[in-house]
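What follows draws every value from the coordinates through simple rules; no lab data is involved. Given the structure is predicted, the values throughout are model-derived calculations rather than measurements. So basically every Cβ, Gly included, is an ideal-geometry build from the backbone, and we count neighbours across all protein chains shown.
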Amino acid sequence: MTTDRQVTMVGAPSLRPDVAAVGEEPLLEASGVSKVFAARGVQALDSIDLVLKRGQFASIIGPSGCGKSTLLKIMAGLVAPSGGRVVLQGTPVLEPRRDIGIMFQQATLLPWRTTIENVLLPIEIRDGSRAANARRDAVRALLDLVGLTNFEKAYPHELSGGMAQRVAICRMLVTEPAVLLLDEPFGALDELTREYMNVELQRVCLQKQATAFMVTHSIPEAVFLADVVYVMTPRPGRIAQVVPVDLPRPRTLEMMTEPGFAEVVRRVRSGLDRGGHG
Ligand SMILES: Nc1ncnc2c1ncn2[C@@H]1O[C@H](COP(=O)(O)OP(=O)(O)O)[C@@H](O)[C@H]1O
Ligand SMILES: [Mg+2]
């Protein structure tokens, strides 16, 4: 059986010089975003403000049920906020858009389609099969990027969980979105695979100079990937604290045992604790 470690590329593409890459202009902005699920009388979110700069990786962490997925769906245009708004590249997000890429915990690949056909699906749905066919070479490059070079013709049942999520990464990237929205993308994977996929996700994001927003309930995961961690309170979700992560890139798993990493983890944890009492 092929493991996720074996499919990883040995010669990683060159990484961007990191400091200059995060721009100053806001790419995605949420202002005063609130959400009440009226039918059940649940206030999920209370006046969330956040700004994502171009090239920035932001994590958002909070206890289960605090509204993280709701916030991500609002940012994706899948759910309408009760108040406030989300603006991406200067335009309010009112519905799902071509410039937004999303990834969830489950890859939800179509079992009767091969890897390459699954990745091409968003293009096929949006622009038709001729347009999809024209993108085959671009998809092969994406599959190379995530270490799936030899799995173009594989079916989902032939892939491990980590490999399926690699396919989902390609499917998210195929439309060349301006922002990536990730809801616990590796939450269903075992711990070791999950750590490894985080290293891979970082590599892909550096290579693509991606702007990304990731939901997680793991403190180390939030810190490992992020330039900034937003800490949320229990429901109704509010931003309790914003913790910058000034650790050099590319980050390695070894860095997670170092004092600098532990210090950021401590700050996130204290933000969570304080949020719990607020
Ligand atoms: N469609 C919905 N209808 C009613 N309540 C919902 C709906 N979606 C989420 N909620 C409620 O909103 C709260 C936040 O949910 P969610 O955003 O999934 O939290 P998280 O992702 O942080 O675990 C929860 O109390 C949940 O039950
Ligand atoms: Mg959730």
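Modelled spin labels at residue 121 and residue 257, positioned 7 Å past Cα toward Cβ, are 4.0 nm from each other. Among residues other than residue 41 with Cβ under 15 Å from its Cβ, the summed charge is +2 (Lys and Arg +1, Asp and Glu -1). Checking the cross-link pairs 35/73; 35/68; 35/208 against a 21 Å limit on the alpha carbon distance flags 35/208 as lying beyond it. Label sites at residue 79 and residue 191, each approximated as a point 7 angstrom past Cα along Cα to Cβ, lie 3.0 nm apart. Between 209, 165, 105, which gets the highest mean-square fluctuation from a Gaussian network model of the chain, Cα cutoff 10 Å? Comparing 209, 165, 105 in the GNM, the peak value goes to 105. Ordering of 132-144, 255-267, 194-206 by packing is 194-206, 132-144, 255-267, highest average first (other Cβ atoms within 10 Å, averaged per residue). Using just its DSSP H runs of length 4 or more, each adding -39500 (n - 2.57), the chain gives a mean residue ellipticity at 222 nm of -10500 deg cm²/dmol after division by all residues. Report D for the chain in µm² per second (integer): Stokes-Einstein, Kirkwood Rh on Cα pairs, 25 °C, 0.890 mPa s. It comes out at roughly 127 µm²/s. Most tightly packed first, judged by the mean number of other beta-carbon atoms within 10 Å of their residues, the peptides 173-180, 185-192 read 173-180, 185-192. About its Cα centre, the dipole of the stretch 22-277 is roughly 540 debye, where the only charges are +1 on Lys and Arg Cβ and -1 on Asp and Glu Cβ. Once the C-beta distance of residue 98 and residue 160 is scaled by a Förster radius of 35 Å, the resulting FRET efficiency is 0.70 to the nearest 0.05.
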